[in-house]
Amino acid sequence: MPASYAYLGPEGTFTEVALRTLPEAATRELVPYVSVQSALDAVRAGEAEAAFVPIENSVEGGITTTLDELVAGTPLMIYREVLLSITFALLVRPGTKLSDIKTVTAHPAAQPQVRNWLRTHLPDALWESAASNADGARLVQEGRYDAAFAGEFAAARYGLEALESGIHDAENAQTRFVLVGRPARPAAPTGADKTSVVLWQRDDHPGGLRDLLGEFATRGINLMLLQSRPTGAGIGNYCFCIDAEGHISDRRMAEALMGLKRICLQVRYLGSYPRADVEPGEVRPPFPGTSDEEFVGAADWVARCQDGRF
């Protein structure tokens, strides 16, 4: 397998900045790809060891392009996550004034994060989406658009200047990125982990989603992301992308996944990996009755009852 990581390019994206915070990135060739799909396909085809892509932001929620790519196609697995604080700069060709700007571009996920700023400062500007924020900067460099929202660090790379910087509608906005590879044994639990799955119901019925969520709730597992995505099988047909606190090696998580496997049409396991938002000592303790020790004790009690030793 090539010692390379694919990432959403071109050079100068927030994705590249986040990827370079991983220590192992220093030992890999970092290869930009034009889209999330092409980066993940490089992993599936064996052209890259892993791909690094955005999956969620704190303003708009899940990045649907990435979720849909993980839902469909040859299975992949998440191994790491990174959180990056996001602020935008308005990048323009040198000499451009705010009054000159008639067209702006950026990745679709950027628009909800700068919508109010646009309404206030450029209410008549036409927005068009780009494959990434850095690609928007490249298009401005080529003269296709007047301005792009991107990281200020991308200005020098594309011969642009930051007309405005520190742009964001929401304070402390963050984007979550994930390192995705081919399926393998998940890393050992750290005590501060997250497990991601995709669930398909057997049929549409009252309380169907409650039944799925109940497998987590009855075992004291907190959910961190719940997003429905269309399956493509018709209106009203959805699967559910879920992030939950814990690791597949935790007894409560393993039992929840077994319960879901019994009642779901399909379960796609996307991995158990260290959380980026907390350290192990900051994780709240399990709810009463949901620790590994209590699961083991309950199983032992059942075994003793079966043996007549209760």
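The values are calculated or read from the model by the stated rules, or taken from the named source; none is laboratory data. Everything numeric in this text was worked out from a predicted model, so none of it was measured. Cβ atoms come from the backbone with ideal geometry, glycine included; neighbour counts cover every protein chain shown. All accessible areas refer to the heavy atoms of the entire protein, side chains included, with ligands and DNA or RNA removed. Shrake-Rupley method; radii C 1.70, N 1.55, O 1.52, S 1.80 Å.
The figures follow:
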read-out: Choice from Gly297, Gly62, Gly151 with maximal GNM fluctuation in the chain (Cα, 10 Å cutoff); value: Gly297
read-out: Max mean-square fluctuation residue, GNM over the chain, Cα-Cα springs under 10 Å, options Leu257, Leu265, Leu67; value: Leu265
read-out: Portion, in percent, of the accessible area of region 175-243 that falls on carbon or sulfur, probe 1.4 Å; value: 52 percent
read-out: Estimated FRET transfer efficiency (Glu279, Thr21; beta-carbon r; R0 22 Å; 0.05); value: 0.85
read-out: Residue (of Gln113, Thr290, Gly208) at the positive-pole extreme of the chain, dipole from beta-carbon charges; value: Gly208
read-out: Kirkwood hydrodynamic radius of region 190-231, from inverse mean 1/r over distinct Cα pairs, in Å; value: 12.1 Å
read-out: Distance from region 217-272 to region 123-163 (C-alpha centre basis), Å; value: 38 Å
read-out: Carbon/sulfur fraction of accessible area - region 50-107, other protein chains in place, 1.4 Å, %; value: 54 percent
read-out: Å³ per residue enclosed by the Cα convex hull of region 147-260; value: 218 Å³
read-out: Translational diffusion coefficient (Stokes-Einstein; Kirkwood radius from C-alpha pairs) of region 113-200 at 37 °C, 0.692 mPa s, in µm²/s; value: 199 µm²/s
read-out: Prolate/oblate/rounded label for region 1-89 (Cα gyration tensor, a/c 1.5); value: oblate
read-out: Highest average packing first - 135-141, 243-249, 97-103, Cβ atoms within 10 Å; value: 135-141, 243-249, 97-103
read-out: Average accessible area per residue (Å²) across the chain - probe 1.4 Å, nucleic acids and ligands excluded; value: 48 Å²
read-out: Distance histogram for region 33-127 (every C-alpha pair counted, 10 angstrom bins, percent rounded to whole numbers); value: 12, 37, 27, 18, 6
read-out: Isotropic mean projected area of the C-alpha convex hull, region 208-310 (nm²); value: 8.4 nm²
read-out: Computed log₁₀ I(q)/I(0) - Debye formula, equal Cα scatterers, no solvent, region 82-162, q 0.11, 0.14, 0.15 Å⁻¹; value: -0.23, -0.38, -0.44
read-out: Principal axis box of region 263-302, alpha-carbon based, largest edge first, Å; value: 37, 36, 13
read-out: Measure of compaction for region 50-94 (Cα Rg per 2.2 N^0.38 Å); value: 1.51
read-out: Residue of Phe287, Phe177, Phe149 that the Gaussian network model of the chain assigns the largest fluctuation, springs spanning Cα pairs under 10 Å; value: Phe287
read-out: For the chain, the fraction of alpha-carbon pairs in successive 10 Å shells from zero, as %; value: 6, 24, 28, 22, 12, 5, 2, 1, 0
read-out: Theoretical gain in end-to-end length, Leu83 to Gln174 [0.36 nm per residue, Cα-Cα removed]; value: 32.1 nm
read-out: Using θ = phi - 60° and Karplus 6.51 cos²θ - 1.76 cosθ + 1.60, couplings along region 294-301 (whole Hz; Gly, Pro as x); value: 6, 5, 5, x, 5, 5, 5, 4
read-out: Long-range HN-HN contacts of Val53 with modeled amide H, under 5 Å; value: Val178, Val180
read-out: Proximal aspartates and glutamates relative to Lys261, as straight alpha-carbon distance under 20 Å, when same-chain residues fewer than 8 apart are discounted; value: Asp203, Asp204, Asp211, Glu215, Asp243, Glu245, Asp250
